[in-house]
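Accompanying notes for the structure given below.
The values are calculated or read from the model by the stated rules, or taken from the named source; none is laboratory data. If you're wondering where the values come from, they're calculated on a predicted model, not measured in any experiment. FYI the Cβ positions are ideal-geometry reconstructions off the backbone, even for glycines, and counts take in every protein chain you see. These accessible areas exclude ligands, DNA and RNA; they are computed on the full protein's heavy atoms, side chains included. Shrake-Rupley method; radii C 1.70, N 1.55, O 1.52, S 1.80 Å.
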Amino acid sequence: MGRSRRTIPEELLLLALDPATGTTAQPQSLDLGLAGAQLVELALAGRIAPDGDRIAVVMARPTGDPTLDSALELLRRRGSPVRAVHWIGGPRLGLRQTYLTHLERCGMVHAVAGQMCGVLPTTRYQATETAISREIRARLDNAIRTGVPPDPRTAALAALAHAVGLGKHLYPGNEGRSSRSRLRDLIRHDPMGGLVAHAVMDVQNGVAAQPRRGSAPGNGPGARKTARSTTDAGVPGQSRRHGHGSMARVGAH
């Protein structure tokens, strides 16, 4: 895989960075989203493929991206297809920090050291390649505004942005309500992105999902309605039946 193209995990993280505070929006759910974004990127690279609600390795050859290849090797070691919700809900401590460090090494963000309460050390991250962040945002805005089906990468990015709750960060307030709704609707344009996005929301909602009937790639989670697990504002909600999610995550804020 050439490094001329940014990966979906990188783009998701750049979307989540708040330029004013240097922190990431939705830090706990973002960790889940990054794990899901790795699956989508590996699928686009032809390394994995959906098998119902499971993920199967179809080519174990490395991509050349160390972080993606680490995930690919872990999937290969499973020996059999793994359910997306179980993979995303597994331990991913430090994944957000790994990508922040990678973006800093690539020159796309700059780390700013500080202190909390004058004692605890903190690190904030400012985007240095603002044109890249604007281009990513413009792709989402264009898909929302025109209603034209986006390319698979943009559709998957939109699905994951919705799944981790970035809608209110990207399109705040009452004036952003319709944009948040359209962001949610973009989930239907990419089956793999839809499968992963729903798995991210299921983990947040504490849903120990049973294998779904009829969940083939063409009519599975990526195509079903999202109203069950979302609010009217387009942000992942809490399942009444299963209560609040318990997947607290550790990483840089």
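Being among the charged types (D, E, K, R), in a helix (DSSP H, G or I) and under 23 Å from residue 87 (Cβ atoms) is true for just one of 177, 182, 188. Which residue is that?
Working: 177 fails: under 23 Å from residue 87 (Cβ atoms); 182 fails: under 23 Å from residue 87 (Cβ atoms).
Result of the check over 177, 182, 188: 188.
Taken as a whole, the structure leaves residue 148 outside the set of residues that are at pLDDT below 95, open to solvent by less than 20 Å² (accessible area, probe 1.4 Å) and of a type outside the set (Phe, Trp, Tyr). Restricted to the range 61-73, and to residues there that are modelled with pLDDT of 95 or more and over 13 Å from residue 39 (Cα atoms), the residue that is surrounded by the most Cβ atoms within 10 Å (Cβ to Cβ) is 62.
The set of residues in the range 31-48 being within 17 Å of the chain's Cα centre (by Cα) and among the small types (Gly, Ala, Ser) consists of 33, 35, 36, 37, 43, 45.
Given the structure, is residue 54 modelled with pLDDT of 90 or more, open to solvent by 20 Å² or more (accessible area, probe 1.4 Å) and over 17 Å from the mean Cα position of the chain (by Cα)?
On the way: modelled with pLDDT of 90 or more: yes; open to solvent by 20 Å² or more (accessible area, probe 1.4 Å): yes; over 17 Å from the mean Cα position of the chain (by Cα): yes.
It is true that residue 54 is modelled with pLDDT of 90 or more, open to solvent by 20 Å² or more (accessible area, probe 1.4 Å) and over 17 Å from the mean Cα position of the chain (by Cα).
Checked against (1) assigned to a helix (DSSP H, G or I); (2) open to solvent by 20 Å² or more (accessible area, probe 1.4 Å), residue 195 passes all but condition (2).
The test for being open to solvent by less than 20 Å² (accessible area, probe 1.4 Å) and in a loop (DSSP other than H, G, I, E, B) does not hold for residue 33. Residues in the range 174-194 that are touching a helix residue (DSSP H, G or I) at 6+ places or on another chain (Cβ under 8 Å) and of a type in the set (Asp, Glu): 190 only.
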